[in-house]
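K.L.:
Before anything else, here's the structure in question.
Just so you know, all these numbers are worked out from the coordinates, no wet-lab data involved. A quick note: this is a predicted structure, and the numbers were derived from the prediction, not measured.
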Amino acid sequence: MPTSLELLFHDGLRDIYFAERKILTALPKMIEAAQSDELREAFEKHRGETETQVTRLQEAFELLGKRSQAKTCVAIEGILAEGDEVMQVYKGTPALDAALIASAQSVEHYEMARYGTLAQLAATLGLPDVAELLEATLAEEADTDEALNALAKASANENG
């Protein structure tokens, strides 16, 4: 019988697996909505990274001897719904890219929180190979957040 920490860990993996796959469906809309080339390029880059992150999660499931199975993540559904809303509200305005960046950072911060917790749980459970996969993704998410910060500052300077 798995321990409660093992159950928590597996539940978290299923949650973030759902989230990453859902993000992959949202990124094309964000790419299309972005007004600046730089933001479009950042979203394109992150789409490629997200595909790799999904593969890493599948590898983690495999290392655990589990089937890659998603569990609905209501948090990411809410964050992405908010992103859809800002795309409609600010469409065609100078604030659209700033709104897209804010939405994307909400996604990144959720992912960083989830991956940080999962990496620590993997380490605690004696799963160093899985922890390494999760830490690699955590580092990418942090890098994406920094890139979005830089774009936000540049955008503020251009429009401010």
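K.L.:
Can you give the angle from 0 to 90° between the axis of helix 4-33 and the longest principal axis of the chain, with both taken from C-alpha atoms, to the nearest 10?
P.N.:
Helix 4-33 and the main axis of the chain meet at about 20 degrees.
K.L.:
Let me have the relative contact order for the chain, percent, based on Cα pairs under 8 Å that are six or more residues apart.
P.N.:
27 percent
K.L.:
Using Cα-Cα distances under 8 Å and only pairs 6 or more residues apart, what relative contact order does segment 1-65 have, in percent?
P.N.:
For segment 1-65, the relative contact order is 33 percent.
K.L.:
With a/c under 1.5 counting as rounded, go ahead and sort segment 97-140 into rounded, prolate or oblate using the C-alpha gyration tensor (a ≥ b ≥ c being the square roots of the eigenvalues; past the cut-off, prolate if a/b is larger than b/c, else oblate). All intermediate terms of the calculation are to be shown ahead of the outcome.
P.N.:
Details: a/c = 6.57, a/b = 3.07, b/c = 2.14.
Prolate, because a/c is 1.5 or more and a/b exceeds b/c.
K.L.:
In whole angstrom, note down how far apart the Cα centers of segment 1-56 and segment 109-156 are.
P.N.:
If you average the Cα positions of each part, the centres end up 11 Å apart.
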